[in-house]
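The values are calculated or read from the model by the stated rules, or taken from the named source; none is laboratory data. Since the model is a prediction, treat every value here as computed from it, not as a measurement. Because the Cβ atoms are built from the backbone with ideal geometry, glycine has one as well, and the counts that use them run over all protein chains shown. Just the protein is used for accessible areas: all its heavy atoms, side chains included, with ligands, DNA and RNA removed. Shrake-Rupley method; radii C 1.70, N 1.55, O 1.52, S 1.80 Å.
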Amino acid sequence: MVAVNLWSGLRALADGQEVVEVEGETVGQLLDALVAAYPGLAPAMERGVSISVDGQIIPKNRGAKVNTDSEVFILQRLYAG
């Protein structure tokens with residue numbers, strides 16, 4: 001299981017939890033598992049979020065690997081200006 005930290009805007013859609021644990025070896029698998037466990041997250045995920053794995057923002061790479069000890073954050077979409 002991977003611990004995923006949710007930004008405050010998503011917590012209400014995940015039963016108020018700040019950190020949830022889901023199975024997955026890639027960013028895409030984590031996102032799919034999050035939506036399966038908390039269907040209310042689907043609209044936010046479809047609009048787009050930013051994902052940080054071990055301190056690095058992962059740009060639209062669903063295939064990026066994660067480990068069970070990775071530090072994962074789902075953030076409000078960040079734009080590079």
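Quick notes
- Simple label model, 7 Å out from Cα along Cβ direction - ALA64 to SER50, nm: 1.1 nm
- Distance between the range 1-37 and the range 43-67 - C-alpha centres, whole angstrom: 11 Å
- For the chain, alpha-carbon Rg over 2.2 N^0.38 Å: 0.97
- For the chain, the relative contact order comes to 38 percent (Cα pairs under 8 Å, sequence separation of at least 6).
- With all protein chains kept in place, the per residue accessible area of the chain amounts to 61 square angstrom at a probe of 1.4 angstrom.
- Between LEU30, VAL19, GLY9, the Cα set farthest toward the positive side of the dipole of the chain (charges on each charged residue's Cβ, about the Cα centre) is that of GLY9.
- Solvent-accessible area of the range 22-81 (1.4 angstrom probe, protein heavy atoms only): carbon and sulfur portion equals 50 percent.
- Size of electric dipole in the chain: Cβ of Lys, Arg +1 and of Asp, Glu -1, about Cα centre, debye, nearest 20: 420 debye
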